[in-house]
Amino acid sequence: MLHLASKSPRRRELLARLGVPFAPLDVDIPEAPLPDETPKAYVCRVAREKAAAGWRLLGAPVQDAVLGADTEVVLGDEVFGKPRDADAAAAMLRRLSGRTHTVISAVTLRTAAGERQAVSVSEVTFTGLADADVVAYVAGGEPMGKAGGYAIQGGAEAFVAHLAGSYSGVVGLPLFETAALLRAGGFAVAGFAAPEPRARAGSAASPSPAATASTG
Ligand SMILES: Cc1cn([C@H]2C[C@H](O)[C@@H](COP(=O)(O)OP(=O)(O)OP(=O)(O)O)O2)c(=O)[nH]c1=O
């Protein structure tokens, strides 16, 4: 059985599109970069910690797998987490206005054999936003609970002049990378041929405890 260690409704919707039955798990991981941690290392660590927390919550099940993911908006070297309030959201959007930022999404699949991880990095260019646009967007409430204070799957799609990378990665769960992890773990993913009967057992022996596959 697959479990998704996430409270994010977006992640649950995206994972459902891959056609692998799963059960959601609520985990709470403190999200703050360590001193000198690069944004990418931070996102990867948090995704790994979410998967590990789900794994512990289930009691380290031999047959099951746990997915954890993390998404952050990065401008320069600065990580924009989720805004704590409307003012913080407006401040983030003013800084993203008219500029290109990076969205990093990491996904970790934890099984009894160890973990596999993939990372998606996208470049997003926002149009210039008038202050009245920022105020109106924040007043609609959409920024809360979203990295960088915006939702590309919502009204902010109209702010995006250019996207290079993964749309689903920006929303919170990069489906290309997630599908690859699940297939490597022996799961049947919608749109792909069913795995060989022995694939699951074979893959269970292959990843090392820190096996990492990065894309993007
Ligand atoms: C940039 C962007 C982020 N987001 C969301 C996805 C994530 O839910 C959130 C980033 O915060 P995360 O800490 O990655 O996730 P979360 O706290 O919402 O959920 P959990 O830790 O339980 O898995 O921002 C969007 O929905 N749309 C966007 O365009």
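Nothing in this text is a laboratory measurement; each read-out follows from the coordinates by a stated rule. This is a predicted model, so every value here is computed, not measured. For neighbour counting, all protein chains shown are included, and Cβ atoms are generated from backbone atoms with ideal geometry for every residue, glycine included.
Details
- Counted charge near G128, where neighbours are those whose Cβ lies closer than 14 Å (Asp, Glu -1; Lys, Arg +1): +1
- Alpha-carbon centroids, segment 111-157 and segment 6-57: separation in whole Å: 16 Å
- Pairs of Cα atoms farther than 32 Å apart, the chain, %: 19 percent
- Extending 7 Å from Cα along the Cβ direction at A32 and again at M1 yields two label points whose distance is 3.5 nm.
- Angle between the chain longest axis and helix 39-57 axis [Cα atoms, degrees, rounded to 10]: 50 degrees
- The residue list A53, L34, S97 was ranked by how far each Cα lies along the charge dipole of the chain toward its positive end, using unit charges on Cβ atoms, and A53 comes out on top.
- log10 of Debye I(q)/I(0), alpha-carbon scatterers only, for segment 54-160 at 0.15 Å⁻¹: -0.67
- Net charge, G191 excluded, C-beta distance under 14 Å - Lys, Arg +1, Asp, Glu -1: +2
- Cα-projected label distance for A16 with E123, points at 7 Å along beta-carbon direction, nm: 3.5 nm
- Total charge dipole magnitude, the chain, about the Cα centre, Cβ charges on Lys, Arg, Asp, Glu only, Debye to nearest 20: 680 debye
- Calculated P(r) tail over 15 Å for segment 1-43, as whole % of Cα pairs: 54 percent
- Spin-label model distance (nm) - R99 vs A23, 7 Å beyond Cα toward Cβ: 4.4 nm
- Within a straight-line Cα-Cα reach of under 16 Å, K82 can be paired with the following aspartates and glutamates, leaving aside sequence neighbours fewer than 8 residues apart in one chain: D28, E31, D70, E72, E142.
- 3J(HN,Hα) along segment 115-132, derived from phi through the Karplus expression 6.51 cos²θ - 1.76 cosθ + 1.60 where θ = phi - 60°, amounts to 9, 10, 9, 9, 10, 10, 10, 10, 10, 10, 10, 8, 5, x, 10, 5, 4, 5 Hz, with x in place of Gly and Pro.
- On the principal axes of its alpha carbon atoms, segment 105-195 extends 51, 23, 19 Å, with the longest extent given first.
- Most fluctuating residue given options L18, L34, L58, as computed from a GNM of the chain linking Cα atoms under 10 Å: L34
- Other residues lying with their Cβ under 12 Å from the Cβ of A106 contribute a combined charge of 0, Lys and Arg counting +1, Asp and Glu -1.
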